[in-house]
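To start, the structure under review is shown below, and the notes come after it.
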Amino acid sequence: MRKIVLFSFALLWSVRAIAQIPYFAGTVGDGKLYGYTSLKVRPGINHQETYSTFQYGLGDHWATGVDLYTGPDCAYWGGLVRYGLNINKWINVGAEVTSSFDLNNSFKFSYLTSALYMNGAISQDGRLFWCSNTWWVVYDGSDNTFSNYDYLGYTIPLKNNRAITPMVGAIHSWKFDQDVDVAAGFYYTFKNWNLYLWGNDFLKSNPRFIAGIDFVF
């Protein structure tokens, strides 16, 4: 069971803040390849988003990679570097920096995303856990943003070393100039894969729902 929890922590860590899912401190591992893709929709309006990334582990703590985000009338390519330190099962810390460029505007630099990831166990068996994501986004030509995502999760073991992990959390700006948003979902772990369904903006007229898949090899 502990291996399932640690595997889940090592995954789902790479995508940018707009995805609204929780990300964990651990990196993918030396010489391993991580891939992820997702589709985000808002039923009732024409507002589709996609996000994909591939990352490669450089040693036990470093990783580098590229990502691609598309939304209504926009597309951005990013290059990233990441560091993660698993201190113990109670507290782990990671950081990531991504530079993103506008594919619709001659590859012009658009924004720089910096992230601090922390997570750890709450219960002795590690099934109940917490994670916190802090995001600082510096935009070219517009106001910067500073936000935080805080989550609680619980891993439910299944047969054949599989597991399902529901999570719930709160998203807020550090300025507290907007309503606190609730995000919730779950991911299903099997072998080297995770499938997940997520959502946020539940109290708005067009909430966002996310379906995604990732892998490590």
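Would you be able to tell me the number of residues in segment 129-159 that are in contact (Cβ under 8 Å) with a residue 12 or more places away in the chain and not in a strand (DSSP E or B)?
2
Identify the single condition in (1) in contact with a helix residue (DSSP H, G or I) (Cβ under 6 Å, 6 or more places away or on another chain); (2) modelled with pLDDT under 95 that residue 204 does not satisfy, given that it satisfies every other one.
The number of the failed condition is (1).
Under the condition of being open to solvent by less than 30 Å² (accessible area, probe 1.4 Å) and among the hydrophobic types (A, V, I, L, M, F, W, C), which residue from segment 156-175 is farthest from residue 125 (Cα to Cα)?
171
Can you say whether residue 144 is more than 20 Å from residue 24 (Cβ to Cβ), open to solvent by 50 Å² or more (accessible area, probe 1.4 Å) and within 20 Å of the chain's Cα centre (by Cα), as far as the supplied structure shows?
yes
Taking into account only those residues within segment 158-196 that are closer than 19 Å to residue 36 by Cα and hydroxyl-bearing (Ser, Thr, Tyr), which is modelled with the lowest pLDDT?
By that ranking, first place goes to 196.
Would you be able to say whether some residue in segment 10-17 is open to solvent by 50 Å² or more (accessible area, probe 1.4 Å), assigned to a loop (DSSP other than H, G, I, E, B), at pLDDT below 95 and polar (S, T, N, Q)? Write out each step before concluding.
Let us first name the residues in segment 10-17 that are open to solvent by 50 Å² or more (accessible area, probe 1.4 Å), namely none.
The answer is no, given that none of the residues of segment 10-17 is open to solvent by 50 Å² or more (accessible area, probe 1.4 Å), assigned to a loop (DSSP other than H, G, I, E, B), at pLDDT below 95 and polar (S, T, N, Q).
Taking the criterion of being more than 27 Å from residue 47 (Cα to Cα), of a type outside the set (A, V, I, L, M) and either open to solvent by 60 Å² or more (accessible area, probe 1.4 Å) or out of contact with any Asp or Glu (no Cβ under 9 Å at 6 or more places or on another chain) (or both), would at least one residue in segment 180-190 satisfy it?
Just the residues of segment 180-190 that are more than 27 Å from residue 47 (Cα to Cα), to begin with: 189-190.
Applying the additional criterion that residues be of a type outside the set (A, V, I, L, M) yields 189-190.
Next, from what is left, pick out any that are either open to solvent by 60 Å² or more (accessible area, probe 1.4 Å) or out of contact with any Asp or Glu (no Cβ under 9 Å at 6 or more places or on another chain) (or both): 189-190.
Looking through segment 180-190, at least one residue is more than 27 Å from residue 47 (Cα to Cα), of a type outside the set (A, V, I, L, M) and either open to solvent by 60 Å² or more (accessible area, probe 1.4 Å) or out of contact with any Asp or Glu (no Cβ under 9 Å at 6 or more places or on another chain) (or both).
The values are calculated or read from the model by the stated rules, or taken from the named source; none is laboratory data. Bear in mind the structure is a predicted one, so any value in this text is a computation, not a measurement. Cβ sites come from the backbone with ideal geometry, for glycine too, and all protein chains shown count toward neighbours. Side chains included, ligands, DNA and RNA excluded: accessible areas come from the protein's heavy atoms. Shrake-Rupley method; radii C 1.70, N 1.55, O 1.52, S 1.80 Å.
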